[in-house]
Every structure is written in C-alpha cells, then in structure tokens.
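Have a look at the structure below, then the notes.
Nothing in this text is a laboratory measurement; each read-out follows from the coordinates by a stated rule. Note that this is a predicted model, so its numbers are computed, not measured. FYI the Cβ positions are ideal-geometry reconstructions off the backbone, even for glycines, and counts take in every protein chain you see.
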Amino acid sequence: MALSRLIRFGTSTWTYEGWQGQVYLKKYAKTTFARECLGEYCQYLHNGAPCFRTVGNDSTFYRPPTANQLRHYLNQIPEDFEMCFKVWEEITIPTYAKQARYGTKAGQPNPRFLDVKLFNDLVLTPYREAKFEPHTGPFLFEFQRHGMSSEEFCSRLDSFFSQLPKDFRYGVEIRNAGLLGPDYRKVLESHGVAHIYNHWSYMPSLREQHQRMEERFTAPFNVLRLLTPLKMSYEAAKKRAEPYTKIVEELPEMRRDTVDLVKKAIGEDRRAYVLVNNRSEGNAPLTIQALRNALQAAET
C-alpha cells in the first residue's frame, strides 16, 4: 500500500559521502559531490517509490541562501519536492555563545534576535527572487537552550510571528523542555506555527512533548526531527554513529512515537514532515525505510 501523500520523509541534510554505494551510485569528483548529488538523492527509491520527498538544509543556519543557490537546487529537484530550511541563527540566538566563531560578539546579547525586518529582507527575499516558494517546506526556527523565562520567550514569539507574511510556513524547535506547555502552545496555535517535535539529547520523548502540548497540534502541518538519542550528548552520538553507513542501534520508542504522531496528524488531515539525522540510529536512510515500513504496516 502506498503511503499517504500527506507524509514527507527526508534526511537532515543530503551531503554524506558515507552514503555512496547506498543512496549515491554515480561517481562524483570530491570537489563537486556536495553541489551535484541532490538530484540523485531525490531519485532514491524504496519499494519502488521515492523514499525522500523532502530534505533538511542545515547550512542556512549559518548564513541565508542566495537566490543563485536556490536556483541551483531548483535545477536538481523534482516538481513534487520540498526543502525545509533552518532559519539563520542571527534571528534565533538571544545571546551569542562564548565560542570563537562569534569573535567579539561571543557572550554578548544579540540585538537582531527575532528581528522581523532582517528576516523579511535577508531570509525570505531570496526565495521570492528565485521563485522557490512552491518547493519551500516549513522554515525551521531552532532555538538553542537559553535563560529567558517562558513569559518573555512566548511574548517575543507572539510579536514576531504576528508580523510575518502568511505565504510561508514556520515551525519552532525549542531545546528548553520547561517551555513546553499551554502558553507556548497557544502562541504557536494562534499563528498557525508548528511545534517541531525534536528527538534530541536533553528533551523529553516525542510522546511526552505531545502530552505537554495538551495533545494538540498547532498548525495544519506537523514537523518531527529525529536528531540524537535521548540523554546522550551530540558529541557522543556523533562518535557512536560515524561513519553513518549502518544502523548502530535501533531506538524503538523513537520509532513508535514517530509513527503514532504521524498517524495522528494524517488522521486530522495535516501534512507531516519527518526529518531524520544520521546521529539518531547511525544511518538516516535506513531509519526512514524502517519508519515507512512501519507506517505501511499500520495502514493495512
């Protein structure tokens, strides 16, 4: 049985050389692999159907894409394909971490946190210029752990999303478990913004996140990101999973919760985006195949 067209699976990004011989069968020069392999990624089949109908783009967390970059993607993706882009960190960081890459800004408050004009001018404009809108999945606002109170964070979110254009879709991923609850849910729901269910080191399980959200989705679409095992640091998950060529350990609870949430979303006629990282089980394409099989089995 074919999966519902409301479901889109994809990986967190697509440029892993460890997938050569699995996803990538063509020969690429090392200098062109990352630029040219997206088209083959989109053609990868599982049980005779395209396995990936979406993909995450992590690189846009560090700088917004240019219109030319987006046009280059357009030349490689099929008509019914969407990309989910992380939002530039300059929009989502309240205070710069004490990291060398921030230079003199390290440890300082970010005056451009949730700056509506900056987001419109530097993030959204290239998508309009490249006419990329039909292929743009939900924008992923990833908020690292911070010290803001729930009241302040929700107020800032409310003000920000009330001013954004409605022709794009948005999702919010938080890393502070204490923010999950009715106030946060109501802000997202009032603007049709999705809570991104993130299976990540120091967050509750996907099921518990839904319970804390009063078992209500907040947008006409649902987003899940399967990132790392719970209670395991990024560094430990990376070391455990490299070189990303096989499943190193199945996460049965993560799989079960993902299938349950996707089934609930589809049952409510909501679209579902599931983005899987290699660091969750070791090889994202194999995790996605297992999830697809579980969903198909549940539908029969």
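Sequence-distant or interchain residues sharing an amide H contact under 5 Å with Phe139, placed H: which?
Under 5 Å from the amide H of Phe139: Arg169, Tyr170, Gly171.
Checking the table Lys131/Lys166; Lys98/Lys239; Lys26/Lys239; Lys131/Lys263 against a 21 Å threshold on Cα-Cα, which pairs fail?
The pairs that break the limit, which is 21 Å between Cα atoms, are Lys98/Lys239; Lys26/Lys239; Lys131/Lys263.
Which percent, nearest 5, of DSSP beta bridges in the chain are antiparallel?
Counting only bridges with both partners in the chain, antiparallel ones make up about 10 percent.
On a straight-distance basis, which lysines could pair with Lys238 in a cross-link, Cα separation under 17 angstrom, same-chain partners fewer than 8 positions away excluded?
Candidates past the 8-residue exclusion: Lys246.
Applying the Karplus parametrisation 6.51 cos²θ - 1.76 cosθ + 1.60 with θ = phi - 60° to the phi angles of segment 181-187, what ³J(HN,Hα) value in whole Hz is obtained for each residue in order, glycine and proline being reported as x?
Result, ordered by residue: x, x, 5, 4, 4, 5, 5 Hz.
Expressed as a whole number of Å, what is the distance separating the alpha-carbon centroids of segment 90-105 and segment 205-248?
About 25 Å separates the Cα centre of segment 205-248 from the one of segment 90-105.
Extension gain Glu250-Arg270, at 0.36 nm per residue separation less the Cα-Cα distance, in nm?
Going from the current span to full extension adds 4.5 nm.
Which ³J(HN,Hα) values, rounded to whole Hz and listed in residue order, are derived for segment 164-180 from phi using the Karplus coefficients 6.51, -1.76 and 1.60 in 6.51 cos²θ - 1.76 cosθ + 1.60 with θ = phi - 60°, glycine and proline given as x?
So the Karplus estimates, Gly and Pro as x, are 7, x, 8, 8, 10, 10, 9, x, 10, 10, 10, 10, 9, 4, x, 7, 5 Hz.
Would you mind checking which residues have amide H under 5 Å from Ile196's amide H? H placed 1.01 Å from N; only 5 or more apart, or other chain.
Those lying under 5 Å, H to H, from Ile196 are Val172, Glu173, Ile174.
Treating the beta-carbon of each Lys and Arg as +1 and of each Asp and Glu as -1, no other charges, what is the dipole magnitude of segment 86-172 about its Cα centre, to the nearest 20 debye?
240 debye
Hey, if you put +1 on the Cβ of every Lys and Arg and -1 on every Asp and Glu Cβ in segment 133-237, which of His191, Pro165, Leu206 ends up farthest toward the positive end of that dipole?
Leu206
Just check segment 57-191 against the gyration tensor rule for me: Cα atoms, a ≥ b ≥ c as the square roots of the eigenvalues, rounded for a/c under 1.5, and otherwise prolate or oblate depending on whether a/b exceeds b/c.
In terms of gyration-tensor shape, oblate.
Compare Leu45, Leu286, Leu179 in a GNM of the chain, Cα atoms joined below 10 Å, and give the one with the largest fluctuation.
Result for the chain, Cα springs under 10 Å: Leu45 fluctuates most.
Which one, Ala219, Ala34, Ala106, has the greatest fluctuation when you compute a Gaussian network model over the chain with C-alpha springs under 10 angstrom?
Maximum fluctuation in the GNM of the chain, among the listed residues, is at Ala106.
Show which aspartates and glutamates lie in cross-link reach of Lys186 when reach means a straight Cα distance below 13 angstrom and same-chain residues fewer than eight apart are skipped.
Glu151, Asp158, Glu214, Glu215
Which whole-Hz couplings ³J(HN,Hα) result when phi for each residue of segment 35-51 is put into the Karplus expression 6.51 cos²θ - 1.76 cosθ + 1.60, θ = phi - 60°, listed in order with x for Gly and Pro?
7, 10, 8, 4, x, 6, 3, 5, 8, 5, 10, 9, 6, x, 10, x, 6
With n ≥ 4 as the cut-off for DSSP H runs, can you work out [θ] at 222 nm for the chain, using -39500 (n - 2.57) per run divided by the number of residues, rounded to the nearest 500?
Taken over the chain, the calculation gives -9000 deg cm²/dmol.
Report, ordered by chain and residue number, the lysines lying within cross-link reach of Lys105, taken as a straight Cα distance under 26 Å and ignoring same-chain residues fewer than 8 apart.
Lys86, Lys117
Give me, ordered by chain and number, the residues 5 or more places off Thr13 or on other chains with an amide H under 5 Å from its own placed amide H.
Amide H to amide H, under 5 Å and 5 or more residues apart or across chains, Thr13 pairs with Gly56.
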